[in-house]
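Below: one structure, written as structure tokens.
Please treat every number below as a calculation from the coordinates, not as lab data. Only a predicted model underlies this, so the values are computations on that prediction, with no experimental measurement involved. Backbone-built Cβ (ideal geometry, glycine too); neighbour counts: all protein chains shown.
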Amino acid sequence: MPDKPTIPANFTTEQVFNITRAIAGRVGYQAVIDAVSDEIQGILPHNHIDVVILDKNKENLVAYETGIQTEWGGINRKSVSTSPIRDILLGKVEHLITPNAMQDPRFTITSMFNKPIHDHQLRSRVHVQVRVAGELIGALSISSVKPDIYTITHVANAKLLSDLIGPYFFALWQSELVRVTEINRVKESARLEGLRTGARYVTDELESARAQIGMDLHDQTLADLSRIQRRLGSIDHLDADDIEALKEDLGCCLLDLRQIVDDAKPTVLEMFGLTAAVGARLERQIQTTRMPVAIKLVDQSNGCIDDLPFKMRITIYRILQEAGNNALRHSGCTKINVVFQSNGSDAKIIFSDNGRGYQQEDFASCGGLLNMKIRASLIGAEITFSRPGKSAELTLNYHADQ
């Protein structure tokens, strides 16, 4: 049966218990080494302690330090290949000790991140691996500004300290990996759900658009063309007035076709800009409802709203088209105001009317308000609506950096 490991001469049982009590319940790397620092000052005199933790792939590291604050500390990840103690982190040696790192060739290689050693004159240094259940998870480094103060006994004490704090760091290391994995899982799940929702919405919109085009063609254009065809069947008996009437009917058919095409892809948006396109659309909607509604469009962007990508402008156009439909069909309004603000990359559009306002059931249904929110989310924009009981106001915000 192997001998039971003994505590090094300079490390008493009481000190071991003190260290264990000091780190009990600590929930962060920084909290653990801060608690340890005071307890070990008499056994391992130091001006600086740092613990390096490797990432999952053992290629990068994060250093946590107490005492002198250096460029090693912080959350910035650094490459193991540039670490002055890379041999420990790569498992090539179990410990390193130097009487004066500022003169030691191992710590003066220009390609290594040695700057803190020389900036803060960290001369005496001892480094040991941090292992848990045989797995190398990082390294413990203890430094002093005084030269040549560490011996092999200090290495043994540092190894014991590493064994004491190792399980805490391993638990924190594992919890961090789980936390990051869970965050990534939730993000990916949300992304996929967003894509599924967007895909369903786009599919529904395409089918709805096809159905609308089919109905428009059937109810208007095909009916007109059938009537014209019947009249052409007796072309030999048509007089000049009949032929003129046929020309007018054909002109009306072409006009209807242009209207259908324009609804599918508004050419006025490309030719005259978003403000003009929205105005023209609202005018057509008012004509169909035969309601006396005044429209006020204000472009506070000095034309910059049309510097947005076309897919942004077409989506904003469709959202305002839906907002216009809601206002004219349900609100009983007599005024509609639309304000455009943009610097060419970000945008804010405010649509308001003086009608009855949104009702609570509008937010609970799967109708126009939800459609507008989904359209906005597909381009990374956000829509907010005024509360029920107030005049309706829709605000669309888009930030290019989001």
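So the values come out like this:
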{"quantity": "Part-to-part distance (alpha-carbon centres) for region 381-400 and region 287-342, which is given in Å", "calculated": "13"}
{"quantity": "Unit charges on C-beta of K, R, D, E only; dipole of region 13-178, Debye", "calculated": "300"}
{"quantity": "Share antiparallel - DSSP beta bridges, region 267-402, percent rounded to 5", "calculated": "75"}
{"quantity": "Three-way shape call for region 13-178 based on the alpha-carbon gyration tensor, with the a/c threshold at 1.5", "calculated": "oblate"}
{"quantity": "Cross-link partners of K78 among lysines (Cα-Cα below 20 Å; sequence separation of 8 or more within a chain)", "calculated": "K56, K58, K92, K115"}
{"quantity": "Global geometry of region 267-402, whether rounded, prolate or oblate, following the gyration tensor of its Cα atoms and the 1.5 cut on a/c", "calculated": "oblate"}
{"quantity": "Rounded to the nearest 20 debye, dipole of region 267-402 from Cβ charges on Lys, Arg, Asp, Glu", "calculated": "460"}
{"quantity": "Eligible lysines near K335 by straight Cα distance, threshold 30 Å, same-chain separation 8 or greater", "calculated": "K265, K296, K311, K348, K373, K390"}
{"quantity": "Dipole moment magnitude, nearest 20 debye, region 9-107 about Cα centre, only Lys, Arg, Asp, Glu C-beta charged", "calculated": "340"}
